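Enquirer: Mind having a look at this structure? Questions to follow.
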Amino acid sequence: QFVTRVVSCRAAELRPEGGGEPVHGFQVVLEDTILFPEGGGQPDDRGFIGDVPVLRVTRRGPEAVHFVPAALEPGAEVLLSLDWERRFDHMQQHSGQHLITAIAEQVFGFKTTSWELGRQRSVIELDTPLVTAEQVEILEKSVNEKIRDRVPVTVRELAADDPEIETVRSRGLPDDHVGPVRVVDIKGIDSNLCCGTHVSNLSDLQVIKLLGMEKGKKNKTNLIFLVGNRVLKSMQESHSTEKALTSLLKNGPGEHVEAVRRLQSSVKLLQKNNLNLLRDIAVLIARDFKSKPAPRPLFVLHRKEGDSEFMNIIANELGTEETLLFLTVGDEKEAGLFLLAGPVEAVENLGPRVAELLEGKGAGKRGRFQGKAAKMSRRGEVQALLQEFVSHRNPEA
């Protein structure tokens, strides 16, 4: 917590990180703050000004701008409170990144070009097209050895014109930076220009887990990692998943993968058999209709289980020169597929109207119009339309 004063407060809008409608609120500048504004790859802090929640903290030149949902009186003395759980998580991930970056460069010559502290996992972009599994193993072992060595982490400031800045690792300063620069030192391992928040000793990191590599942009490689409490959380989630799979698959964790492979093979075989049965049913339905002594001018069929191929087999078997076919598949209360087939001119005229009634979309050519239906429940209206059409076309129908 920290006591400070409100310098200014003005109305503003905040666009949510996940998208959506802007939130109306106020931008507040304080005399000083303990809330970190987003920057340098690290997200911003959260907290409260009095009992008003701080929803975002950004940097505007040398100022930290706090976005809050309620107005605050300029000049008022306020108690600023920090969300420590979020802050400590960011400290662990950021100090962990410095350590991984330093060791990766020292051991393998891999330079870090950027990094991102994510909500679940963090990523370091390394300036190399390839990192082997063996190198990842060596890197993980090395950084965890440094954690066990309990190496101190300190912060110091240098004047902007101090020649020592040239010896400190840096990816450059923001264009609008003024005043002294901040250096984060991991004793005997790394010195780095950095504005972010850090632990005071590597032992606070607890443990680092390198999850693996992904191909990055422009011949670079992304290294994915977790630090500290995130490793514990990931372990708990993995254990819970393992317990659930053990219960479902009725075998031990070491057999889960093989059990899932067997299930996938069984599902593929069942799907193949199901498709063959649907094809046979489609042929039988068509042949049964054709065997009638006086074929009807309109044939309507709905089946919950089926697909486009099922409907097209029926249309192929029946032939559509004289009979108008309206076929649908899917749940009657939800979306599905439809096929209108028959005389070319009739289908061209009726197809768009059928799609409109079913609140769907479709396209057609050569006497067939098919597509997706959003309202399968309106099939009755389509059938009435088609019945009226064939009645006018063939009064004896």
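The values are calculated or read from the model by the stated rules, or taken from the named source; none is laboratory data. Since we're looking at a predicted model, the values are computed, not measured. Because the Cβ atoms are built from the backbone with ideal geometry, glycine has one as well, and the counts that use them run over all protein chains shown. With ligands, DNA and RNA removed, areas are computed over all heavy atoms of the protein, side chains included. Shrake-Rupley method; radii C 1.70, N 1.55, O 1.52, S 1.80 Å.
Enquirer: Looking at 48, 126, 159, which one has the Cα that reaches farthest to the positive end of the dipole of the chain (charges on Cβ: Lys, Arg +1; Asp, Glu -1)?
Expert: 126
Enquirer: Where the only charges are on Cβ atoms (+1 Lys, Arg; -1 Asp, Glu), what is the dipole of the stretch 276-393 about its Cα centre, to the nearest 20 debye?
Expert: I would put it at about 40 debye.
Enquirer: Would you mind telling me the share, in percent, of accessible area of the chain contributed by carbon and sulfur at probe 1.4 angstrom?
Expert: Carbon and sulfur: 51 percent of the exposed surface of the chain.
Enquirer: Name the most mobile residue of 53, 352, 163, meaning the one with the largest mean-square fluctuation, in a Gaussian network model of the chain with Cα contacts below 10 Å.
Expert: Comparing 53, 352, 163 in the GNM, the peak value goes to 352.
Enquirer: Quick one: check the C-alpha center-to-center distance for the stretch 239-304 versus the stretch 14-53, whole angstrom.
Expert: After rounding, the separation between the Cα centres reads 51 Å.
Enquirer: Oh, and also: Placing +1 at every Lys and Arg Cβ and -1 at every Asp and Glu Cβ, with all other atoms neutral, what dipole size does the chain have around its Cα centre, in debye to the nearest 20?
Expert: Using only the charged Cβ atoms, the result is roughly 1720 debye.
Enquirer: Could you tell me which trypsin sites (Lys or Arg not before Pro) in the stretch 285-316 are loop residues by DSSP with no more than 13 other beta carbons within 10 angstrom of their beta carbon?
Expert: 304
Enquirer: Another question about this same structure. For the chain, set up a GNM with springs between Cα atoms under 10 Å and report which of 124, 314, 138 has the largest fluctuation.
Expert: Top of the fluctuation ranking is 314.
Enquirer: Could you state the number of Å between the C-alpha centres of the stretch 338-397 and the stretch 137-195?
Expert: The stretch 137-195 and the stretch 338-397 have Cα centres spaced 71 Å from each other.
Enquirer: Once the dipole of the stretch 278-344 is set up with Lys and Arg at +1 and Asp and Glu at -1 on Cβ about the Cα centre, which of 329, 289, 340 lies farthest towards its positive end?
Expert: Working it through, the farthest residue towards the positive pole turns out to be 289.
Enquirer: Relative to the present Cα-Cα distance, how much length would full extension add between residue 312 and residue 275 at 0.36 nm per residue of separation?
Expert: 12.0 nm
Enquirer: Give the label of the value calculated from the structure for mean projected area of the Cα convex hull in nm², choosing from [x] 26.4; [y] 21.9; [z] 30.6.
Expert: Evaluating mean projected area of the Cα convex hull in nm² on these atoms matches [z].
Enquirer: Follow-up question, since we're still on this one. Among 98, 24, 245, pick out the residue whose Cα is farthest towards the positive end of the charge dipole of the chain, where Lys and Arg carry +1 and Asp and Glu carry -1 on C-beta, about the Cα centre.
Expert: Farthest along the dipole direction, towards plus: 245.
Enquirer: Turning to a different aspect of this structure: Would you mind calculating the relative contact order of the stretch 87-232 from Cα pairs under 8 angstrom and at least 6 residues apart, reporting the percent as a whole number?
Expert: Dividing the mean separation by the residue count of the stretch 87-232 yields 34 percent.
Enquirer: Where in the stretch 345-397 are there GluC sites (Glu not before Pro) that are in a DSSP coil and have at most 10 other Cβ atoms within 10 angstrom of their Cβ?
Expert: Passing sites in the stretch 345-397 are 396.
Enquirer: Loop only by DSSP, 16 or fewer other Cβ within 10 Å of the Cβ. Give me the GluC sites (Glu not before Pro) in the stretch 1-63 that pass, ordered by residue number.
Expert: Answer by residue number: 17, 31, 38.
Enquirer: Can you give me the accessible area per residue for the chain, using a 1.4 Å probe, in Å²?
Expert: Result: 58 Å² per residue.
Enquirer: Nothing charged except the Cβ atoms of Lys and Arg (+1) and of Asp and Glu (-1): what's the magnitude of the dipole of the stretch 223-340 about its Cα centre? Round to the nearest 20 debye.
Expert: Magnitude of the dipole: close to 360 debye.
Enquirer: Please check: in the Gaussian network model of the chain (C-alpha springs, under 10 Å), which one of 229, 201, 349 has the largest mean-square fluctuation.
Expert: 349
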